[in-house]
C-alpha cells in the first residue's frame, strides 16, 4: 500500500520506512552471507575467498542496472508526491522495456569477462575456479535481481517498504534450503551456492510482480503501457546515470583495494571476507536510513516542501546516533565470535585479520552513516551529480590512503583508508547540503518536462 510522506512527523515516517528497509537489507545480505557461511564451513577457506573476492566484480557489473533503478525510484517518488500518476506509470513502463534488454546484454558480457577480470586483479590461484564458477552462474541470472530491485524500489518510492520485506523473507528462507541442498547434500561447491542465490532472487521478483498486479492498480500496467517513452527515458538517464556512475566508481575502488588485498595471500582474503560479512550487517542500517531518506525527500521535493526535507535529515541523523549506540559496542566486544562463525579454528591468521579490521572500523562507522544520509537527501532531491562527486572524492581518498599508508600499517591500511574516505566524502556532501542548491534540482513542472 502506498504511503503519503508529505504528511506527518519526519522522524516517525523515516522510522516507518527505515525499519522494513533495514530488515529487507538484512534478508538481502543473507543471500551472500549464507553462501559464505555454508561455503566456508563445508567447502573450505579457498572457496570462501573465491566467493568473497567475487563481490566487488559482481557489484561493478550490476552498477548500471542498480543505478538506473535508483533513478526510476526517485522519479516515481517525485511524480507520486506531485500526484502526476499518468507520468508515473509511463516512467515504470519505460523503465521495464528499456532496462530488461540492457540487463540481459550486460549479463552476457559479464559471463565472458569473468575470467579476464579475475586475472587482472591477481586472484590467488587457489581461489580462482571457485570465484569463476560462482560469478558466471550469478551473472547468468542477473535479470531476476533486476526485476526484484526495480519492483521493490518502486514500491518503496510509494512509501510501501513492508511488501518487499515479506517477499524477500520468503525468498531468503528458500535460499538457505537451496544452499543446504546444493552445497551440502549434492556437493556442488560454490556453483551450488550461486544456483541457490539465483533461484531465490527469481522467486522474490515473481512475488513482487504478482503483488503489484493484484493489489496496486496504480502500478498495474496494461499491456499497451509497456512501451518506450523517449522523454521518460531521458529523465531516467538524467536521474539514474549519476547513481550508476557512483556505484561503478565504488566498485572500481573496491577492485583496486581487492588487488592490494590479494597481494597478502589467500589467508588474508579469507579473513577480510569474513570481516566484510560482519561489516555489511553493521553498515546496512546506516545505508538504508539513507535510502529511506531519499524516498522521503523525493515525495517532499515533488510537493515543494523543502523545510520538511531539512527536518528529515535531522531525524535521519538522530536515528543514526541511536543505531550506533545500540550496535557498535556489541560488535567491539564480540568480534572474535562473529568472525569465527565463518572460519574454523584452524584458520587463526584469517580470523585475526577479520577481528583487527572490525575493531579498527568501529569508531569510524558514524562517518559512513552521515555520508550515506546526506547523499540520500541529495539523490532524493535530484541532485545526483553532487552525490556522485562525493563518492568520487570518498573512494579516491580511500584508495590513496590505503596505498600510501600500506608501507607503514601493512594490511590495516586497507580499512584505515575506508575511514579516511568516509570523513572526507561526508564533509564534501554536507557543504553541498548547506549551500541549499539542491532545492533547485527537483521536477518543477511535471506535466511539461523538457530536457535539453
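Summary of values
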{"item": "Separation between Cα centres of the stretch 1-53 and the stretch 223-263, rounded to whole Å", "result": "20 Å"}
{"item": "Helix 45-81 axis, angle to the chain major axis (alpha carbon atoms, nearest 10°)", "result": "10 degrees"}
{"item": "349, 126 arranged by Cβ crowding within 10 Å, fewest neighbours leading", "result": "349, 126"}
{"item": "Nitroxide proxy distance, nm - points 7 Å out along Cα→Cβ at residue 352 and residue 330", "result": "2.9 nm"}
{"item": "Order of 94, 335, 318 - criterion: other Cβ atoms within 10 Å of each residue's Cβ, fewest first", "result": "318, 335, 94"}
{"item": "Gyration tensor verdict on the stretch 80-209 (Cα atoms; rounded if a/c is under 1.5, prolate if a/b is larger than b/c, oblate otherwise)", "result": "oblate"}
{"item": "Sites residue 180 and residue 306 - FRET efficiency at Förster radius 60 Å, r taken between beta-carbons, to 0.05", "result": "0.75"}
{"item": "Between helix 142-157 and the chain: long-axis angle, C-alpha atoms, 0 to 90°, nearest 10", "result": "50 degrees"}
{"item": "Residue-averaged 222 nm ellipticity for the chain, from DSSP H runs of 4+ at -39500 (n - 2.57), nearest 500", "result": "-28500 deg cm²/dmol"}
{"item": "Pair-distance profile P(r), taking every C-alpha pair of the stretch 156-288, with 10 angstrom steps and integer %", "result": "9, 21, 36, 24, 9, 1"}
{"item": "10 Å-binned pair-distance histogram of the stretch 251-318 (Cα, whole percent)", "result": "18, 31, 21, 19, 11, 1"}
{"item": "Per-residue Cβ neighbour rank within 10 angstrom, fewest leading, 307, 229", "result": "307, 229"}
{"item": "Simple spin-label estimate for residue 281 and residue 15 in nanometres, 7 Å along Cα-Cβ", "result": "2.4 nm"}
{"item": "Cα radius of gyration and Dmax for the stretch 39-153 (Å)", "result": "17.6, 56"}
{"item": "With Cα atoms, 0 to 90° folded angle of helix 348-361 axis to the chain main axis", "result": "40 degrees"}
{"item": "Most to least packed among 286-298, 17-29, 216-228 [average Cβ atoms within 10 Å]", "result": "286-298, 17-29, 216-228"}
{"item": "For the stretch 302-374: rounded, prolate or oblate by the Cα gyration tensor [a/c cutoff 1.5]", "result": "prolate"}
{"item": "Relative contact order for the chain, counting Cα pairs under 8 Å that sit 6 or more residues apart, in percent", "result": "24 percent"}
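Every number in this text was worked out from the coordinates using simple rules, so none of it is lab data. Note that the structure is a prediction, hence the values are computed from the model and not measured. With ideal geometry, Cβ positions are generated from the backbone for all residues, glycine too; neighbour counts draw on all protein chains shown.
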